[in-house]
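The values are calculated or read from the model by the stated rules, or taken from the named source; none is laboratory data. On a predicted model such as this, the values are computed, not experimentally measured, just so you know. FYI the Cβ positions are ideal-geometry reconstructions off the backbone, even for glycines, and counts take in every protein chain you see.
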Ligand SMILES: [Zn+2]
């Protein structure tokens, strides 16, 4: 079983899917289209895949049965973009061919939350998704303890997205980070996604989370720019 993270055309007739499974991790699937094309394998869809292995190449899709088509996501453009963003995050942080039960569970929860809500969620939930993804992928960041000495933070704190997160100013001089901002980020990271759909979030938290992502990815993800352009403040 897996969730489709992306689907890219290949030649005139075929596609290459990126799929995330809990045990299989991230993997590529070659989908031959044409008359016997398994339909409905769009981004975010969860399906059981029957694959034929190919030596030295991508597995080829033989057949697929859709487990959850995520029909409710399509009722709102923002929710569709946010679902796509979750998939793009997992494509960026999931490891190829390694079990990823925590990232898979996070993406599954994210998609379920987006389907369940009646109103579009605030961006607090999306920022929390970013911070949880970084944490589950094992790349921090330190937000409640010093990245240098490991002790609890105090009133004089610095933040360096590329060097593990927050630290005491005495341990690592740098750009000051208000304790209230670190507390907000840490709270978002620890709160279940479903409890954040109507929570307000500061613009500093949105920006800082993006900085932390950039430190690991080097670039902004395409759907990230889209949701910040169309999303609620
Ligand atoms: Zn320290």
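Kindly indicate whether any position in the range 76-97 is at pLDDT 90 or above, at negative phi, surrounded by fewer than 16 Cβ atoms within 10 Å (Cβ to Cβ) and in contact with a strand residue (DSSP E or B) (Cβ under 9 Å, 6 or more places away or on another chain).
For the range 76-97, residues at pLDDT 90 or above, at negative phi, surrounded by fewer than 16 Cβ atoms within 10 Å (Cβ to Cβ) and in contact with a strand residue (DSSP E or B) (Cβ under 9 Å, 6 or more places away or on another chain): present.
Looking at residue 118 and the list (1) touching a residue at least 24 places away in the same chain (Cβ under 8 Å); (2) away from the ligand (no atom under 16 Å from the Cβ), which single condition is not satisfied?
Checking residue 118 against (1) touching a residue at least 24 places away in the same chain (Cβ under 8 Å); (2) away from the ligand (no atom under 16 Å from the Cβ), the one that fails is (1).
Condition first: under 15 Å from residue 212 (Cα atoms) and more than 8 Å from the ligand (Cβ to nearest atom). Now tell me which residues in the range 157-175 satisfy that.
158, 159, 160, 161, 162, 163, 164, 165, 166, 175 - these are the residues of the range 157-175 that are under 15 Å from residue 212 (Cα atoms) and more than 8 Å from the ligand (Cβ to nearest atom).
Could you list, ordered by first residue, the pairs with Cβ atoms under 7 Å in which the first is in the range 132-156 and within 15 Å of residue 217 (Cβ to Cβ) and the second is more than 14 Å from the ligand (Cβ to nearest atom) and assigned to a loop (DSSP other than H, G, I, E, B), at least 6 apart or interchain?
134/140; 134/141
Let's see how each residue does on (1) crowded, with 17+ Cβ neighbours inside 10 Å; (2) modelled with pLDDT under 95; (3) outside the structural domain of residue 119 (by TED's automatic domain parsing):
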residue	(1), (2), (3)
161	yes, yes, no
166	yes, no, no
170	no, no, no
182	yes, no, no
186	yes, no, no
193	yes, no, no
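Which condition from (1) farther than 14 Å from residue 112 by Cα; (2) touching a strand residue (DSSP E or B) at 6+ places or on another chain (Cβ under 8 Å); (3) surrounded by 12 or more Cβ atoms within 10 Å (Cβ to Cβ); (4) in contact (Cβ under 8 Å) with a residue 24 or more places away in the chain is the one that residue 57 breaks?
Just one mismatch for residue 57, condition (3).
Sort out which residues of the range 134-156 are buried (at least 16 other Cβ atoms within 10 Å of the Cβ) and more than 9 Å from the ligand (Cβ to nearest atom), and write them in order of number.
Passing the criteria: 134, 135, 136, 137, 140, 141, 142, 143.
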